[in-house]
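First the structure, in the form of structure tokens, and then the observations on it.
What follows is calculated from the coordinates using simple rules that are stated; it is not laboratory data. Model, not experiment: these values are computed from the prediction. Quick reminder, even Gly has a Cβ in these numbers, built from the backbone with ideal geometry, and neighbours come from all protein chains shown.
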Amino acid sequence: MPGAKYPLAAMLRVRGLHEDQARRDVHAAEERLREAQQLRNSRATELDRYRAWRPQEEDRRYAAIFGKPMNATSLGEFREDLAHLAQGEAERQQQLDEAEHVVHEREMETDAARQAVILARKACMKLEEHRDIWMIAQRKEEERLADLEMEESRGPAKASDES
């Protein structure tokens, strides 16, 4: 019985591995979140730049045709070009909206991963507490057995005193 091995040591080791994996999952989720945030920020910057550039480009194009005679075909092409500029802004806004959605999803994934770490840690702690209680009980049992052995080795005390 001395030095008895904790019977749930393998389970404790597995729970520790699960906790380690959960921590690695958090780090991976945080990295994906950072990447999504960087993409969102770059999309927002791109949209802001486009919004600042577009009116200037429209003014430049208007200035280029100002005072020049235009036929219906040229005027139609000019309007299509302006519509294309507006569509470019709408596309960039849609890309930003999609990036925002991805950031939200990554935040939820990161929160879920953090909760998994908490649950894994709690499971590990429960088993560690059980192991500690078991070890105390083992130590008490070993002390009790040692005391019994000591009493048996001394033999009956009164019988030896009377001789």
* To do: With runs of 4+ DSSP H residues as the only contributors, calculate the mean residue ellipticity of the chain at 222 nm using -39,500 (n - 2.57) per run, divided by the residue total and rounded to the nearest 500.
  => -33500 deg cm²/dmol
* How far, in degrees from 0 to 90, does helix 72-154 lean away from the longest principal axis of the Cα atoms of the chain, to the nearest 10? -> 0 degrees
* To do: Using only Cα atoms, tell me the angle between helix 9-65 and the longest principal axis of the chain; keep it within 0 to 90° and round to the nearest 10.
  => 10 degrees
* **Amide N of segment 38-54 lying under 18 Å from the label point, which is placed 7 angstrom from the Cα of ARG114 along Cα→Cβ** => 38
* Structure fact -> Matching label for the computed volume of the Cα convex hull per residue in Å³, out of [x] 100; [y] 508; [z] 237, is [x]
* Using a cut-off of 12 Å between beta-carbons, work out the net charge of the residues near ALA36 (Lys and Arg +1, Asp and Glu -1, ALA36 not included). => -3
* Structure fact -> Among the Cα-Cα pairs of segment 1-79, the proportion with separation greater than 15 Å, in percent, is 78 percent
